[in-house]
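The values are calculated or read from the model by the stated rules, or taken from the named source; none is laboratory data. Every value quoted in this text rests on a predicted model; they were computed, and no experiment measured them. Neighbour counts run over all protein chains shown; Cβ positions are idealised from the backbone, glycine included. Side chains included, ligands, DNA and RNA excluded: accessible areas come from the protein's heavy atoms. Shrake-Rupley method; radii C 1.70, N 1.55, O 1.52, S 1.80 Å.
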Amino acid sequence: MASISIRNVSKVYGHGTNANKVIHDVSAEIAHGEFIVIVGPSGCGKSTLLRMVAGLEEITEGEIAIGPRVVNDIEPAQRDIAMVFQNYALYPHMSVYQNMAYGLKIAKVPKDEIERRVQKAAAILEIGPFLKRTPRQLSGGQRQRVAMGRAIVRQPEVYLFDEPLSNLDAKLRAQTRIEIQKLHAELGTTSLFVTHDQVEAMTLAERMLVMNEGRMEQFGTPEDVYRNPATTFVASFIGSPPMNLITGETDGTKFTAGGQELVLPAEVGYRGAMIFGLRPEHADIVTDGAPGWPLTVEVIEMLGAERLIYGRLCGQLFIVRMEETVPPPHIGDTVMLRAEPKWLHWFDAKTTKRVGK
């Protein structure tokens, strides 16, 4: 296992007036054995950052170290890494066993050691019965496990996963996530996992690095990122459905937006233009006749164990999550909302950065 240090790393394509900076001064310290997820929307630079760690992209500024070695000028083959890609990249004419053993054979690893490693990886991934099959005889999930097995047998210092589950359907993605978690628990190898799916990020990561437009918005545990988003982007990207965000003005006791005034449940120490945030599960519908914030119900989604109530608050879309056991309102009803002070989030309207705890 090895630690990974990403220090003030930037990436620029082109030169002069045609220069396009796609990674902006990213820094992160990853301890040996950690499972880190790099998450963000398409085009945010997450795969580019991973490819720079792998050595498949040159670093314009900064440095990357794997263990004690700075690897900026070290070839990918010398970095002691193994990658698992979105497309399985298996040799179609080779058996599963041959696909997994090929890299070791090229590296002139002894046959008995190859046999030991392949059989061990096959047992971990439960693909032992398929070793004599070719990739076309396997399902998508089985092929992805073969691709992971090919990486496992390398016994590298670092695993790099570049959206490996994107080609799988929802059920297979969930199953393969479990396989990856079990794999990391058994091997304990430092891993970087790139995805655009925030559910994958939340369920897999020990810590997650949230990217947006080539910049690192936040780096922390899934719990911290969810409960204390550093910016409005993180607040809206992490969580399904996303955090409700309303831009307006506050005098500390009231919040005004869209011509509507909301009385805050407790005084806050902020004044002026602010963005108010509240997770859908933290907005409660008043049932005791007490005053609250009026929400006119527009749509109700039934999702089995819960319902999502969509309406307008301060003229903006607002979502409330309800348990299925609670009687829902009807479309067209106006319901009153309230929230405990501890669940309110505040962001600076100009910088969109979090203020306060």
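Selection of region 23-42 for residues being more than 26 Å from Gln78 (Cα to Cα), among the small types (Gly, Ala, Ser) and either in a strand (DSSP E or B) or open to solvent by 80 Å² or more (accessible area, probe 1.4 Å) (or both) yields only Ser42.
Being open to solvent by 40 Å² or more (accessible area, probe 1.4 Å) and of a type in the set (A, V, I, L, M) holds for only one residue in Ala349, Ala305, Ala290, Ala283, and it is Ala305.
For region 101-116, a residue qualifies if it is crowded, with 20+ Cβ neighbours inside 10 Å and closer than 25 Å to His32 by Cβ, and exactly one does: Leu104.
Filter region 117-138 for residues that are loosely packed, with under 13 Cβ neighbours inside 10 Å and on the phi < 0 side of the Ramachandran plot; which is farthest from the chain's Cα centre (by Cα)?
First, the residues of region 117-138 that are loosely packed, with under 13 Cβ neighbours inside 10 Å: 123, 126, 129, 132, 136-137.
Now narrow it down to the ones that are on the phi < 0 side of the Ramachandran plot: 123, 129, 132, 136-137.
Numbers: Ala123: 28, Pro129: 33, Lys132: 35, Arg136: 31, Gln137: 32 Å.
Looking at residues that are loosely packed, with under 13 Cβ neighbours inside 10 Å and on the phi < 0 side of the Ramachandran plot, I get Lys132.
Look at region 1-24: where a residue is over 24 Å from Ser42 (Cα atoms) and a partner is outside any strand (DSSP E or B) and small (Gly, Ala, Ser), sitting 6+ places away or on another chain with Cβ atoms under 7 Å, you get Met1/Gly33; Met1/Gly188; Ala2/Gly67; Ser3/Ala31; Ser3/Gly67. Scanning region 52-65 for residues that are touching a residue at least 60 places away in the same chain (Cβ under 8 Å) and out of contact with any Ser or Thr (no Cβ under 8 Å at 6 or more places or on another chain) returns Val53, Ala54.
Looking at Asn20, Asn87, just one residue is out of contact with any Cys (no Cβ under 9 Å at 6 or more places or on another chain), open to solvent by 30 Å² or more (accessible area, probe 1.4 Å) and more than 26 Å from Ala185 (Cα to Cα), and that residue is Asn20. Just one of the numbered conditions (1) closer than 17 Å to Phe255 by Cβ; (2) charged (D, E, K, R); (3) in contact (Cβ under 8 Å) with a residue 60 or more places away in the chain is not true of Arg321: (1).
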